[in-house]
Every structure is written in structure tokens, then in C-alpha cells.
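A.B. asks: Shown below is the structure under consideration.
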Amino acid sequence: MKIKFEQDPRWVEPEVIIRSNDPKLAAKLKAQLDATEATLAVYQGAKESYLPLSAIIFIETEDRQLQVHTKDDLYLSKERLYTLAARLPGIFLQVSKSTIINLLAVSALNRSLSNCLVSFGGTHKQIYASRRYYKQLTERLDEMRGL
């Protein structure tokens, strides 16, 4: 892969051009760039923060609250899971009725007969992906890793 950087003071906003004969590569790079710039409004008590999407490892609904997990922290969001799932870039995937994961944060899958345990790099946090979503999960992980 060839990367070229040009700096010009006349440009007001950065521009990224991806030239490739592989549309999957272009889509993957675009999703990663979108995720690094975008943020999500989250809360810890009365404190509102704007969390970069790249810092999120998974999002789940528990006790009617939307919990946003990073490697070290837990935040709450006022959004609904289904509306957030529709807005998130392609590096996120719904893996159960109540959970969305960041595919770039996945470090391991441990499959059993009834479900699949998803582990994330650099943290002890784990979640279960349902059998219904397993095939799509493995396909997307293979796609993200260039297989």
C-alpha cells in the first residue's frame, strides 16, 4: 500500500482520496476514518462527555439503559440501541438483540454450541454473541482483517 501526504496552507479541510481496484478495501478504510473522527455523547453521572467512536469496544442494553463500554470505563447514553445501530459506521456490528461491538477491538472468539464469547484486546471485558449473528460476525471479521 502506498501512502502519500501533501500539506498545503490553502486547504481549509483535509481531503482523503483512496484509489484502489478493491472496493472492499476502500469501504474498510472509509469506515475506519469515519470512526476516528466521529464522537458519541455519553454520561457518567451528571458529566456529559463526547467519546470518540474508536474508543468504544462495545455497546449493550442492560436494565433498560444503554451502556457504552471502553477498555477502562463504562458510560451511559440516552439513545436507543436500534437508532444508534443505524447511525454507527461499518466497523460496528450488532451481535445480539442487545449488543453492538466494535469489530476492530475484537481479539478472540470462543464458540460453544449455544453462543459465542467475544473477547477484546487490552481488557478483561467479554460479551456473548448469539448464534443468529455468528456467521455475519465471522464474515465481517475476516473481511476487516483482509482474508
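A.B. asks: Six or more apart or on different chains, Cβ under 7 Å: which pairs go from a residue in region 122-147 that's closer than 21 Å to Lys71 by Cα to one that's part of a helix (DSSP H, G or I)? Could you list them?
C.D. replies: Ala129/Leu137; Leu141/Leu103; Met144/Lys28; Met144/Leu103; Met144/Leu104
A.B. asks: State all residues of region 79-125 that are among the charged types (D, E, K, R), over 16 Å from Thr138 (Cα atoms) and modelled with pLDDT under 90; if no residue qualifies, say none. Steps first, answer last, please.
C.D. replies: Of the residues in region 79-125, the ones among the charged types (D, E, K, R) are 79-80, 87, 97, 111, 125.
Cutting the leftovers down to over 16 Å from Thr138 (Cα atoms) gives us 79-80, 87, 97, 125.
Once the filter is applied, which keeps residues that are among the charged types (D, E, K, R), over 16 Å from Thr138 (Cα atoms) and modelled with pLDDT under 90, region 79-125 yields only Arg87.
A.B. asks: Output the residues belonging to region 95-136 that are β-branched (Val, Ile, Thr) and either touching a helix residue (DSSP H, G or I) at 6+ places or on another chain (Cβ under 7 Å) or in a strand (DSSP E or B) (or both).
C.D. replies: Step one: list which residues in region 95-136 are β-branched (Val, Ile, Thr), which gives 95, 99-101, 106, 118, 123, 127.
Val95, Thr99, Ile100, Ile101, Val106, Val118, Ile127 - these are the residues of region 95-136 that are β-branched (Val, Ile, Thr) and either touching a helix residue (DSSP H, G or I) at 6+ places or on another chain (Cβ under 7 Å) or in a strand (DSSP E or B) (or both).
A.B. asks: Under 7 Å by Cβ, and 6 or more places apart or on different chains, what pairs join a residue from region 1-27 that is within 21 Å of Met144 (Cβ to Cβ) with one that is in a loop (DSSP other than H, G, I, E, B) and modelled with pLDDT under 75?
C.D. replies: Ala26/Ile18
A.B. asks: I'm told Ala35 meets every condition in (1) modelled with pLDDT of 90 or more; (2) hydrophobic (A, V, I, L, M, F, W, C); (3) under 23 Å from Gly121 (Cα atoms) except one. Can you identify the failing condition by its number?
C.D. replies: Going through (1) modelled with pLDDT of 90 or more; (2) hydrophobic (A, V, I, L, M, F, W, C); (3) under 23 Å from Gly121 (Cα atoms) one by one, Ala35 breaks only (1).
A.B. asks: On the basis of being farther than 27 Å from Glu143 by Cβ, open to solvent by 70 Å² or more (accessible area, probe 1.4 Å) and modelled with pLDDT of 90 or more, does Ala46 make the cut?
C.D. replies: On the way: farther than 27 Å from Glu143 by Cβ: yes; open to solvent by 70 Å² or more (accessible area, probe 1.4 Å): yes; modelled with pLDDT of 90 or more: yes.
Spelling it out, Ala46 is indeed farther than 27 Å from Glu143 by Cβ, open to solvent by 70 Å² or more (accessible area, probe 1.4 Å) and modelled with pLDDT of 90 or more.
A.B. asks: Here is a follow-up. Select from region 5-22 the residues that are modelled with pLDDT of 75 or more and open to solvent by less than 100 Å² (accessible area, probe 1.4 Å) and write down the one among them that is nearest to Ala86 (Cα to Cα).
C.D. replies: So, considering only residues that are modelled with pLDDT of 75 or more and open to solvent by less than 100 Å² (accessible area, probe 1.4 Å), the one nearest to Ala86 (Cα to Cα) is Asp22.
A.B. asks: Among Ala41, Ala26, which is the only one that is outside any loop (DSSP other than H, G, I, E, B), surrounded by 10 or more Cβ atoms within 10 Å (Cβ to Cβ), at pLDDT below 75 and of a type in the set (A, V, I, L, M, F, W, C)? Spell out how you get there, then give the answer.
C.D. replies: Values: Ala41 fails: at pLDDT below 75.
Every option except Ala26 fails the conditions.
A.B. asks: Right, another one. Can you find, within region 62-85, the residue that is surrounded by the most Cβ atoms within 10 Å (Cβ to Cβ) among those that are of a type in the set (D, E, K, R) and outside any strand (DSSP E or B)? Even if it seems obvious, please write down each step before you answer.
C.D. replies: Narrowing region 62-85 to residues of a type in the set (D, E, K, R): 62-64, 71-73, 78-80.
Filter again for outside any strand (DSSP E or B), leaving 63-64, 71-73, 78-80.
Values: Asp63: 5, Arg64: 5, Lys71: 14, Asp72: 10, Asp73: 12, Lys78: 10, Glu79: 16, Arg80: 11.
Looking at residues that are of a type in the set (D, E, K, R) and outside any strand (DSSP E or B), I get Glu79.
A.B. asks: Same structure, new question: Of all residues in region 86-117, how many are touching a residue at least 24 places away in the same chain (Cβ under 8 Å) and surrounded by 13 or more Cβ atoms within 10 Å (Cβ to Cβ)? Before the answer, list the steps.
C.D. replies: Step one: of region 86-117, the residues touching a residue at least 24 places away in the same chain (Cβ under 8 Å) are 88-106, 109.
Subset that is surrounded by 13 or more Cβ atoms within 10 Å (Cβ to Cβ): 88-96, 98-106, 109.
So the count comes out to 19.
A.B. asks: Which count do you get for residues in region 55-85 that are in contact (Cβ under 8 Å) with a residue 12 or more places away in the chain, of a type in the set (S, T, N, Q) and closer than 16 Å to Lys125 by Cβ?
C.D. replies: 2
The values are calculated or read from the model by the stated rules, or taken from the named source; none is laboratory data. From a predicted model like this one, the values you see are computed outputs, not experimental measurements. Backbone-built Cβ (ideal geometry, glycine too); neighbour counts: all protein chains shown. Surface areas here come from the heavy atoms of the whole protein model, side chains and all, with no ligands, DNA or RNA. Shrake-Rupley method; radii C 1.70, N 1.55, O 1.52, S 1.80 Å.
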